[in-house]
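Nothing in this text is a laboratory measurement; each read-out follows from the coordinates by a stated rule. In this text the structure is predicted, and so the values were computed from the model without any measurement. Don't worry about glycine lacking a Cβ; one is built from the backbone with ideal geometry, like all the others, and counts go over all protein chains shown.
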Amino acid sequence: MTLKSIGLLVAVGLSVTSCDPDDGWAGVDDYLTLPDTPHNYGIENTTNAQIQLGRVLFYDTQLSASNSVSCASCHKQSNAFGDNVAFSEGFDGRLTLRNTLPLVDSRRSAQFRDSATFVPRAGGLFWDGRQTAMEDAVIEPIFNHIEMGISDEKDLTKKLEKLPYYAPLFKAAFATPHVNMWGIRTSLANFVASMRSTSSRFKLSEKSRATLSDSELLGQSLFIKKYNCSSCHQGQLGLMTPTTYQSQAEFANIGLSATSSDRGLWQTTGLSKDDGLFRVPSLNNVGLTAPYMHDGSLATLEEVIDHYSNAIEPHRNLDKRLKNTSGSPMRMEISEEEKKAIIAFLLTFTDYTIAKDPWLSDPFKAKSN
């Protein structure tokens with residue numbers, strides 16, 4: 001049975017209790033461009049109908065108090081589902097307090113690794129590690145007073161229930177036409193899980209690495225050996241198994257400033273040693289996700305390399321991997337040639353298809369004037 005036929009059955013069932021002519025699949029077709037049978041996203045432990053519902057929720061501006069912003073307003077597909085500004089604009093024009101983290105290859109559940117020991121006090125989601133599960137993380141912005149501004153869960157479900165396209169989509173995804181928070185959380189999380197890089201030039205196999213240019217190979221050697229960037233950014237290099245990498249997250253202070261105006265992980269743990277530490281982000285698609293760092297203060301990859309080369313500040317919690325033998329901030333003095341090579345290598349992590357994948361794109365039809 002196709003999703004559209006399920007929607008028609010829902011319409012028949014709803015007609016007993018509702019006079020709304022937009023009930024049923026007609027309400028979906030009026031607003032959305034969706035296939036009769038949901039696209040096969042290939043994600044385990046969910047259904048394609050749930051992911052399709054999550055896609056609609058992700059792009060729906062009705063999830064904000066002003067009906068003006070959606071999840072996709074800050075997580076733009078063209079930027080690997082990150083943003084291209086330092087701080088994103090919320091539902092009433094105010095700016096977010098941190099740079100938007102890209103969602104591609106987000107970890108669905110990532111505990112914080114502290115001295116190789118898993119501890120429950122912080123997760124791998126958000127810059128300050130305040131969530132461990134994507135199901136919890138995806139709904140935070142909806143109720144945030146700056147981002148999307150919905151007052152509470154009841155207001156959200158009531159609002160979405162009035163929209164004609166959600167009853168058939170919920171029916172197809174969860175065998176009930178009723179909008180509920182569990183379905184919203186689950187569908188959004190599963191849609192985010194479908195944002196996966198699969199075709200970047202840098203792969204984990206030796207055969208794929210053999211296609212790198214001389215400059216990219218030099219950058220790889222500098223990244224892994226000379227400057228030991230891989231001590232923090234291990235996941236891109238296959239130094240952990242996928243299963244292990246998915247269960248670990250790391251936080252570090254990289255010396256952007258000598259003092260913390262934003263206290264980062266400390267806000268989650270309350271521990272002084274976590275003051276000024278922030279999530280070590282994935283480098284997948286780093287060529288699409290500028291500006292960089294939790295505060296969006298570095299506009300280009302060149303500026304990022306310059307920071308590590310000669311601008312690391314002596315924060316009291318500066319990561320030990322960024323200190324010299326005397327305990328002072330490192331001065332790596334990366335040459336211009338080396339900088340170009342490292343950036344060339346980093347760009348091989350870019351999956352250019354993710355920015356145009358139609359099954360991750362906005363399903364809403366353009367409004368006519």
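Is the shape of segment 244-320 rounded, prolate or oblate, going by the alpha carbon gyration tensor and its root eigenvalues a ≥ b ≥ c, with a/c under 1.5 for rounded and a/b larger than b/c for prolate?
Values: a/c = 1.89, a/b = 1.18, b/c = 1.61.
Here segment 244-320 falls in the oblate category.
How much length is gained on full extension from ASP136 to THR198, taking 0.36 nm per residue of separation minus their Cα-Cα distance?
On the way: separation 62, 0.36 × 62 = 22.32 nm, distance 2.56 nm.
Taking 0.36 nm per residue and subtracting the Cα distance, the gain is 19.8 nm.
Under 1.5 on a/c is rounded, so check that first for segment 311-369, then, if it is not, pick prolate when a/b is larger than b/c and oblate when it is not; a ≥ b ≥ c are the square roots of the alpha carbon gyration tensor eigenvalues. Write out the running numbers ahead of the final one.
Values: a/c = 4.08, a/b = 2.35, b/c = 1.73.
Note, shape of segment 311-369 comes out prolate.
Could you check the spin-label model distance between PHE364 and SER272? Points 7 Å from the Cα along Cα→Cβ, value in nm.
So the label points at PHE364 and SER272 sit 4.9 nm apart.
Which value in nm describes the separation of the simple spin-label points at ASN67 and LEU95, placed 7 Å from the Cα toward the beta carbon?
With each label point 7 Å from Cα toward Cβ, the separation is 2.9 nm.
Could you sort 66-79, 319-332 so that the peptide with the highest average Cβ count within 10 Å comes first and the rest follow in order?
Values: 66-79: 18.9, 319-332: 12.9.
Descending mean neighbour count gives 66-79, 319-332.
Would you please state which residues of segment 166-202 a label at LYS154 would reach in this model, taking the label point 7 Å out along Cα→Cβ and a backbone N cut-off of under 17 Å?
179-182
Can you give the extra length, in nm with one decimal, that the chain gains between ALA26 and SER215 once fully stretched, where that is 0.36 nm per residue apart less the Cα-Cα distance?
Values: separation 189, 0.36 × 189 = 68.04 nm, distance 5.50 nm.
Between ALA26 and SER215, full extension yields 62.5 nm more.
For the ranges 136-145, 87-96, what's the packing order if you count other beta-carbon atoms within 10 Å of each residue, average per peptide, and put the highest first? Mind dumping the intermediate values first?
Working: 136-145: 19.2, 87-96: 17.4.
Ranked from most to least packed, the peptides come out as 136-145, 87-96.
Return the Rg/Rh ratio of segment 206-347 with Cα-based radii and a Kirkwood Rh. Display every interim value, and only then the final one.
Values: Rg = 15.5 Å, Rh = 16.1 Å.
Using only Cα positions, Rg/Rh for segment 206-347 is 0.96.
Going by how many other Cβ atoms sit within 10 Å of their own, how do TRP182, TRP359, TRP127 line up, fewest first?
On the way: TRP182 9, TRP359 15, TRP127 23.
Fewest-to-most ranking of TRP182, TRP359, TRP127: TRP182, TRP359, TRP127.
Which stretch or stretches of segment 65-79 have amide N atoms under 17 Å from the point lying 7 Å from LYS356's Cα along the Cα→Cβ direction?
Within reach of a label on LYS356, which here means backbone N under 17 Å from a point 7 Å along Cα→Cβ, segment 65-79 contributes 77-79.
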